[in-house]
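The values are calculated or read from the model by the stated rules, or taken from the named source; none is laboratory data. On a predicted model such as this, the values are computed, not experimentally measured, just so you know. In this analysis, Cβ positions are derived from the backbone assuming ideal geometry, glycine residues included, and neighbour counts consider all displayed protein chains. Surface areas here come from the heavy atoms of the whole protein model, side chains and all, with no ligands, DNA or RNA. Shrake-Rupley method; radii C 1.70, N 1.55, O 1.52, S 1.80 Å.
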Amino acid sequence: MRRKTSLRTRLFQAGLLMLALSLVIGLAITILVLLLFAARVPHGEEVLLRGLSFLFGGDLIGASRVIPYLIMESILLCLAVACVCIWISTRLTSRVTSTLQTLRQAADNLREGELDFQILSCPERELDELCQSLESVRQRLKSAAAAEAQAQQERGLLLANLSHDLRTPITAIKGYVEGIRDGIANTPEKQAHYLDIIYNKSQLMERLVRNMSDFSEYELGRMQYHFEYVELSALLADLCQEYQDDAAHNGLQFTAQIPPGPFVVTADRNKIKRVTDNLISNAIKYSRPGGTISLTAEPYEGGLVIQIADNGKGISSEALRHVFDSFFRENTARSSSVPGSGLGLAICRSIIESHHGKIWLTSQVGEGTRTFVYLPLQKEDKLPS
């Protein structure tokens, strides 16, 4: 890579070049004038020799003959030096001006929002640093614009998915309510069945709306937390009954193995419940009919690892790398036929990371998925007595 030169060095080099060229041209003009004098003036060689002897202490003879040529030499020398200085200064100024015009055009493009161009480097170090800075700004703005365009597209897709996902349970609720009103559900068993379906559909709608609310807070960076000391064993035990009922409503089995506490963490109780609700909901949605969902917990390296496993369809290795991306939904097993916005796991990761924990997944297609949540435990000496 060619080494860049500073403007100060460039100006100093230009000055030295002017001086060197001026000396060379001056010497050449002097020689030419002396030769011209010797050729055109009678006894010119003798006059020149006597003139040179004058420089060493002799008498100048024929000064009146030499003076016009000296004047002509001085004029030519001044013109030559001026031309050299103008030529070198023009070249240097042209290079700097060209770079400044490029930078000005780049600034105008940035101001107008035009980002599809490239700012090239220049030989002068200071200007090159400015070029690189503007190029870095352009690249960042272009990346931000691409990300914003992607986000806009994803928001449009989200609204379309949300509209579709809400329309389905609303239509079902409306149909079953009309069935009750019209007397189709004419036995207590049918009415109870209809009401169970209405309740499940309303829960689905509630989860969708809650996902949207959480995502709005997550995207704006305004998710609020109320941290307190939470005993995880007791919290998980309370939730397991609810999860067992949800699994049974969907024809699934639910098992839980929670070690006795205390396992105390500093956490937002509702947010932790939000994470486990979402993970259990995912396991229910993607499990095979008659499948099993298990929730286990065990201490590990100063924390507690919560594992939620299902024996459903599983996730491909390619999709597994993107499951925590906002709006991501796999095109095969986790398809658009299953209600969802693709926000749940992104929100879960945000919540767990805010608790200084970790969340990750392992999965095999056709065998099921395991989700792990690690939360650091509070040390006993730091707990209130």
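Among the listed pairs K174/K313; K285/K313; K142/K358; K174/K201; K273/K358; K201/K285, give every one whose C-alpha distance is greater than 21 Å.
Values: K174/K313 31 Å; K285/K313 10 Å; K142/K358 32 Å; K174/K201 10 Å; K273/K358 16 Å; K201/K285 13 Å.
With Cα atoms farther than 21 Å apart: K174/K313; K142/K358.
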**Item:** Efficiency of FRET from Cβ geometry, R111 and E217, R₀ 30 Å, rounded to 0.05
**Value:** 0.35
**Request:** Any chance you could look up the accessible area of H356 with a 1.4 Å probe, heavy atoms only, rounded to 10 Å²?
**Result:** 150
**Asked** For the range 132-154 and the range 163-222, what is the separation of their C-alpha centers, rounded to whole Å?
**Response** 40
**Request:** Ignoring everything but the protein chains, give the 1.4 Å probe accessible area of K174 in square angstrom, nearest 10.
**Result:** 130
**Asked** Put L77, L236 in order of accessible area, largest first, 1.4 Å probe: what do you get?
**Response** L77, L236
**Request:** Would you kindly find the accessible area of I180, with a 1.4 Å probe and non-protein molecules such as ligands, DNA and RNA excluded, rounding to the nearest 10 Å²?
**Result:** 60
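Please report, as a whole percent, how much of the solvent-accessible surface of the range 93-155 comes from carbon and sulfur atoms (probe radius 1.4 Å).
Working: 2090 of 4240 Å².
Heavy-atom surface of the range 93-155 belonging to carbon and sulfur, 1.4 Å probe: 49 percent.
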**Item:** Where V177, V24, V305 fall by accessible area, highest first, once all protein chains stay in place (1.4 Å)
**Value:** V24, V177, V305
